[in-house]
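Novice: The structure under discussion is supplied below as structure tokens; questions concerning it will follow.
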Amino acid sequence: KRAPAPPKLDLPYLKFEGDNSASRYRMESETILGRGYAQYTKKGSPFTMRDPNDPERPMVMLPAKYIDEIKWIPENRMSFWKHIDKQSILSQIGGPGITEEVALAARQGLNRALVYLIEPLQKACLASYAKEMPSCPEWTSMLPYPLLIKIFASMSACAIVGPELGGLDSEWQGLSMNYVSAALSAPSIVKNKYPTWLYWLSQYTNGGVRTMWKHRARAREILTPVLQNRINATEELKAKGIKKPKGPRKYEDGVQWLLDAHTAHGKILTPDQLAQDLFVIMTASIHSTSGAGLAIIFDMLEHPDTLSDITQEILEVQSKLPGGIWTRKALGQLKLLDSFMRESARVHALTQYTAAQRIPTETWSFKDGLTIPSGFTMAFPSYHHNFDSAVHPHPDTFNAYRHLRKREESNTHKFHFASVSEDMLNWGAGRHACPGRFFAQETLKLLIIHLLAHYEFKHEAGNEKTPRFISNNLFLIPNPALPILFKERELSL
Ligand code: HEM
């Protein structure tokens, strides 16, 4: 029996004149979003357009004024995870899904421990550069994106699985990266080949999905002793009557934080659940952070005028660091670099045209009467919000000092790269606002410090017309296939 057709929405529906095909949306959805923003959102009204993840229901684009009303509504009424499921169907084919414990582990465990993690992250960053970056005494052409992925992955492994598994050539590194690429490519193949009610079959018949299940099983095996170590360490503290130790515990890593989060919710963490939770953290973090990093590099090439000031700022802070070891406080002093990173995030919206996507699980009415039936995806057009002159004066100018000036003039605690604020919706909002954003901020800074200190980089002649950014449905992705020239330099930091 067919499900009843979803209700019709009494809201303007925007589409392309003439060719209104799915492939046109893939390349040009920004045009419709831009039109809708100018005509409706900017004036405080919603509009709808095709939802690339739902052929039956359009997506509702909301003005920013509605965000406060939904940002703290619990997940079971206003779901972010259902949006992720619609987008990637991962959890329907045996892949990992976001859970309360994953969010809690990142929000509390990771963010509290971040202050202790900077030194190991710096070491992992340097070791990974030494391994992955080819020698380049002369200008040498390279693809920066795979490099960024490898370096960020090895930095995050040291934080996520800790010392036993996080090493550079560890089995975990290869396994988890292979899992993430299978998990990113398998869903679209399954979506194209199977009807929704046969998705479950893909674990037996589809090579990519089978690979995911194989990696999940192996991860379960290698995580079993690591989890036991964390359980033992927690028991030891308990036996000594220590509830909250001063300073870092024996283990401060994803395995420990997930164990803490499960315990806090009265749940037992199994090795299989641990594998899934770690994989979802990696899936959420690797390409998003590497993409933001690549966008920053492209912007540094496009707007080199502030690079000498940024390098000078790094030199000044670094010169006062004992042993050249960075701390969270010292990274926080890189205010111009931070402002540059936030400006890059403003103009490229951290790779997504929309933010704070939510699906109401029951009919939802806003205070002014706007009513959205369950199952429809609502989102905020964050990219166009970033280019609204009422939000950011002279929005078409890339101004590396923009957010630094705002910090100086109004509030030093706001407008950092990782700040969630009304002027930038990229990190989402409320209970689901990205809990990994501070980690992304600090890892990107460490990565960029090393890059600026040891390399010059420039575009290759002849590729001026190659697009720097590519639109894909509601994503804006820095071109991963654009090579850049690198050359080693001696700038002593
Ligand atoms: C530049 C890099 C990143 C970007 C652009 C990004 C972006 C986002 C966005 C837009 C959301 C949804 C927020 C909302 O709708 O309110 C989100 C959620 C999430 N992110 Fe990130 N993220 C990044 C890095 C990371 C990292 C490094 C981690 C983990 C270490 C992480 C873990 C998560 C998790 C677990 C959630 C779900 C939170 C929840 O549902 O409560 N992210 N991220």
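The values are calculated or read from the model by the stated rules, or taken from the named source; none is laboratory data. Predicted, not measured: the structure shown is a model, and the values here were computed from it. Quick reminder, even Gly has a Cβ in these numbers, built from the backbone with ideal geometry, and neighbours come from all protein chains shown. Surface accessibility is based on the protein's heavy atoms, side chains included, excluding ligands, DNA and RNA. Shrake-Rupley method; radii C 1.70, N 1.55, O 1.52, S 1.80 Å.
Novice: For segment 169-224, give me the residue count where each residue is open to solvent by 60 Å² or more (accessible area, probe 1.4 Å) and hydrophobic (A, V, I, L, M, F, W, C).
Specialist: Residues flagged as open to solvent by 60 Å² or more (accessible area, probe 1.4 Å) and hydrophobic (A, V, I, L, M, F, W, C) within segment 169-224 amount to 5.
Novice: Same structure, new question: Does at least one position in segment 336-359 carry a residue that is more than 14 Å from the ligand (Cβ to nearest atom), assigned to a helix (DSSP H, G or I), open to solvent by less than 10 Å² (accessible area, probe 1.4 Å) and touching a strand residue (DSSP E or B) at 6+ places or on another chain (Cβ under 6 Å)?
Specialist: no
Novice: Another question about this same structure. Is it fair to say E313 is under 24 Å from L143 (Cα atoms), at pLDDT 95 or above and surrounded by 16 or more Cβ atoms within 10 Å (Cβ to Cβ)?
Specialist: In short, no.
Novice: When you scan segment 294-307, do you find a residue that is of a type in the set (G, A, S) and out of contact with any Pro (no Cβ under 7 Å at 6 or more places or on another chain), even just one?
Specialist: no
Novice: Further question on the same structure: For the structure I just gave you, tell me whether A105 is without any contact (Cβ under 8 Å) to a residue 24 or more places away in the chain and in the same structural domain as I325 (by TED's automatic domain parsing).
Specialist: no
Novice: Quick check: anything in segment 158-166 part of a helix (DSSP H, G or I), of a type in the set (D, E, K, R), at pLDDT 90 or above and open to solvent by 50 Å² or more (accessible area, probe 1.4 Å)?
Specialist: Within segment 158-166 (the criterion being part of a helix (DSSP H, G or I), of a type in the set (D, E, K, R), at pLDDT 90 or above and open to solvent by 50 Å² or more (accessible area, probe 1.4 Å)), the answer is no, since none of the residues qualifies.
Novice: Sticking with this structure for a sec: Go through segment 360-373 and report how many residues are within 16 Å of the ligand (Cβ to nearest atom) and either touching a Lys or Arg at 6+ places or on another chain (Cβ under 6 Å) or outside any strand (DSSP E or B) (or both).
Specialist: 1
Novice: Assess whether L451 counts as being touching a residue at least 40 places away in the same chain (Cβ under 8 Å), out of contact with any Leu (no Cβ under 6 Å at 6 or more places or on another chain), closer than 19 Å to I314 by Cα and more than 16 Å from the ligand (Cβ to nearest atom).
Specialist: Criteria met by L451.
Novice: Same structure again: Pick out the one residue from E30, E56 that is of a type in the set (D, E), in a helix (DSSP H, G or I) and open to solvent by 40 Å² or more (accessible area, probe 1.4 Å).
Specialist: Unique residue meeting the criteria: E30.
Novice: In addition: So, of the residues in segment 416-437 that are of a type outside the set (D, E, K, R), open to solvent by less than 20 Å² (accessible area, probe 1.4 Å) and more than 6 Å from the ligand (Cβ to nearest atom), which turns out to be farthest from H303 (Cα to Cα)?
Specialist: G430
Novice: Does L126 qualify as being within 12 Å of the ligand (Cβ to nearest atom), assigned to a helix (DSSP H, G or I), touching a helix residue (DSSP H, G or I) at 6+ places or on another chain (Cβ under 9 Å) and assigned by TED's automatic domain parsing to the domain that holds W213?
Specialist: Here the answer is no, as L126 does not meet what is asked.
Novice: A further question follows. Against the conditions (1) in contact with a strand residue (DSSP E or B) (Cβ under 8 Å, 6 or more places away or on another chain); (2) within 16 Å of the ligand (Cβ to nearest atom), where does A264 fall short? Just the number, please.
Specialist: Just one mismatch for A264, condition (1).
Novice: Pull up segment 167-186, narrow it to residues that are among the hydrophobic types (A, V, I, L, M, F, W, C) and part of a helix (DSSP H, G or I), then point me to the one that is nearest to the ligand (Cβ to nearest atom).
Specialist: V180
Novice: Can you find a residue in segment 278-287 that is within 28 Å of A433 (Cβ to Cβ), surrounded by 14 or more Cβ atoms within 10 Å (Cβ to Cβ), touching a residue at least 12 places away in the same chain (Cβ under 8 Å) and in contact with a His (Cβ under 9 Å, 6 or more places away or on another chain)?
Specialist: Among the residues of segment 278-287, at least one is within 28 Å of A433 (Cβ to Cβ), surrounded by 14 or more Cβ atoms within 10 Å (Cβ to Cβ), touching a residue at least 12 places away in the same chain (Cβ under 8 Å) and in contact with a His (Cβ under 9 Å, 6 or more places away or on another chain), which makes the answer yes.
Novice: Can you pull out every residue in segment 1-55 that is touching a residue at least 40 places away in the same chain (Cβ under 8 Å) and among the aromatic types (F, W, Y)?
Specialist: Scanning segment 1-55 gives Y13, Y25, Y37.
Novice: Among the residues of segment 438-471, what is the count of those that are open to solvent by 60 Å² or more (accessible area, probe 1.4 Å) and not in a helix (DSSP H, G or I)?
Specialist: Total satisfying the criteria: 8.
Novice: Then there is this: Please verify whether Y66 is open to solvent by 20 Å² or more (accessible area, probe 1.4 Å), assigned to a helix (DSSP H, G or I) and aromatic (F, W, Y), treating the condition exactly as stated.
Specialist: So Y66 fails the test.
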